[in-house]
Amino acid sequence: MRKITLIVVHCTAGPQSQCAADIVRYHTLPRRRGGLGWSTPGYHYIVEPSGYVAQVVPDWDIANGVKGHNEHAIHVAYVGGVDTSRRDLPAVDNRTEAQKLALRSLLGRLRRDYPSARIVGHRNLARKACPSFDAMKEYADL
Ligand SMILES: [Zn+2]
């Protein structure tokens, strides 16, 4: 197992009608087919609006979550995080209650598995709104 020092919380910045497989397809499809053409998806875990948690990259593999911060990170995303009714897609914390419960449970488990890792939001590592809420504050007790 690689050394894990960061557990990074993300939003998918897309509609909540998407499922985990849609996100993986978007990240890994070649550009000519409308994807981003990444060799691995951007997240290890994707939390769907129902609260279902899909693990799409094993913990021992590197996911393409935050440039320069991937080697020692586990990336967790919830589906949503933007207001898709507006053209400019402003950041909004639209986690469902099921997503909040599933995120807290998953992050608690990851903190127990990787006790030297700290939980941060993508916004704490880059100039981004992701994950559209203050993850460091919300999960400070885990
Ligand atoms: Zn992010």
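Looking only at residues that are among the small types (Gly, Ala, Ser) and in a loop (DSSP other than H, G, I, E, B) in the stretch 103-142, which one is least open to solvent (accessible area, probe 1.4 Å)? Before you say what the answer is, go through the steps one by one.
First pass over the stretch 103-142, keeping only residues among the small types (Gly, Ala, Ser): 105, 108, 116-117, 121, 126, 129, 132, 135, 140.
Checking which are in a loop (DSSP other than H, G, I, E, B) leaves us with 116-117, 126, 129, 132, 140.
Numbers: SER116: 84, ALA117: 3, ALA126: 33, ALA129: 51, SER132: 18, ALA140: 77 Å².
Only one residue tops the list, namely ALA117.
Residues of the stretch 65-116 that are more than 15 Å from CYS130 (Cβ to Cβ), touching a Ser or Thr at 6+ places or on another chain (Cβ under 8 Å) and of a type in the set (A, V, I, L, M): ALA98 alone.
Of the residues screened, TYR114 is not one that is at negative phi, under 16 Å from the mean Cα position of the chain (by Cα) and of a type in the set (Phe, Trp, Tyr). Inspection of the stretch 83-102 finds no residue satisfying the criterion of being small (Gly, Ala, Ser), more than 18 Å from ALA13 (Cα to Cα) and either open to solvent by 70 Å² or more (accessible area, probe 1.4 Å) or in a strand (DSSP E or B) (or both).
Of all residues in the stretch 97-131, those satisfying the criterion of being within 16 Å of the ligand (Cβ to nearest atom) and under 18 Å from HIS72 (Cβ atoms) are LEU107, ILE119, VAL120, GLY121, HIS122, ASN124, LEU125, ALA126. Take the stretch 54-86 and flag every residue that is away from the ligand (no atom under 16 Å from the Cβ) and more than 18 Å from GLN18 (Cα to Cα). If the condition is that a residue be away from the ligand (no atom under 16 Å from the Cβ) and more than 18 Å from GLN18 (Cα to Cα), then PRO58, ASP59, TRP60, ASP61, GLU71, HIS72 are the ones that fit. Only one of (1) on the phi > 0 side of the Ramachandran plot; (2) surrounded by fewer than 14 Cβ atoms within 10 Å (Cβ to Cβ); (3) under 15 Å from the mean Cα position of the chain (by Cα) fails for PRO58. Which number is that? The one condition PRO58 does not meet is (1). The condition of being within 18 Å of TYR45 (Cβ to Cβ), free of Cβ contacts under 8 Å to residues at least 60 places away in the same chain and charged (D, E, K, R) holds for only one of ARG87, ARG104, that being ARG104. Residues in the stretch 1-45 that are among the polar types (S, T, N, Q) and more than 13 Å from the ligand (Cβ to nearest atom) were compared, and the one that is surrounded by the fewest Cβ atoms within 10 Å (Cβ to Cβ) is SER39.
The values are calculated or read from the model by the stated rules, or taken from the named source; none is laboratory data. The structure presented is a predicted model; accordingly, all values stated were derived computationally and were not measured. Counting neighbours? That spans all protein chains shown, and the Cβs are built from the backbone with ideal geometry, glycine included. Heads up: the accessible areas ignore ligands, DNA and RNA and are worked out on the full protein's heavy atoms, side chains in. Shrake-Rupley method; radii C 1.70, N 1.55, O 1.52, S 1.80 Å.
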